[in-house]
Amino acid sequence: MRKLALILTLLLGTTISAAAADTTALKPPKGARVAIVVFEDLQCPDCSRAWPLLLEASKAYKIPIMHYDFPLPQHNWSFQAAIFARYFDAVSPKVGDEFRTEVFAHQIEITPDTLQAFCENFARQHGVRLPFAIDPKGELERKVRADYALGQRTGIQHTPTIYIVSNTLRGKPFVEVVDRTQLYAMIDDMLKQAGPVENTSGKPVRSAKAAAPKQ
């Protein structure tokens, strides 16, 4: 009897935890039907492996990637790198994405002592002015911490955690990408579920989408 009570308690706790999960992040930005959401750590090796695929999918389907910073405590430069990424995002989303691409490509070479020089070199190559103090009021740091707290409320356990999210009201509005070989198929399914794009007259129109590359 005690064993049954314990099992029921555990199941109830899991259900309550799932029900209490914050799904604020699991929505596309305004004007987008579908988006890719990723909770990432710039020092995470698996994030560096996933990034090219996410970037390729974003370009192929013309859907946005929504970045949420989730720097893991065991990584010694990822938090500061996330602050730099926020700075470059403010210059332009394109520069921010290019910074992430560079960080992931040179992950193994970066240390806490070389991160500043790496970012300065990136800024010079992209014609970006990098001030002595990029976050004098701590605003970018607070945003990174807010992302991490949101990730905890969402139930993030590892990086990268990737979702395909939709504005649909007809089915499940988000799904986690566990098997990345299924990423394109999952985007296709979510686009079908989201329904056709509408023009300003309210009449449905076809959405143009690039063919998914072979995995």
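Taken together, the values in this text are just the output of simple stated rules run on the coordinates, not laboratory data. The structure displayed is predicted, hence computed values, not measured ones. Quick reminder, even Gly has a Cβ in these numbers, built from the backbone with ideal geometry, and neighbours come from all protein chains shown.
Numbers at a glance
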{"quantity": "Cα convex hull volume per residue for segment 25-205 (Å³)", "calculated": "136"}
{"quantity": "Local electrostatic count at A25 - Lys and Arg +1, Asp and Glu -1, tallied over other residues with Cβ under 14 Å", "calculated": "-2"}
{"quantity": "Check: segment 25-205 dipole with +1 on Lys, Arg Cβ and -1 on Asp, Glu Cβ, in debye", "calculated": "820"}
{"quantity": "Contour minus Cα-Cα distance for T181 and D22 (0.36 nm per residue)", "calculated": "54.5 nm"}
{"quantity": "Inter-probe distance in nm under a simple model that places probes 7 Å from Cα toward Cβ, at R170 and R129", "calculated": "5.0"}
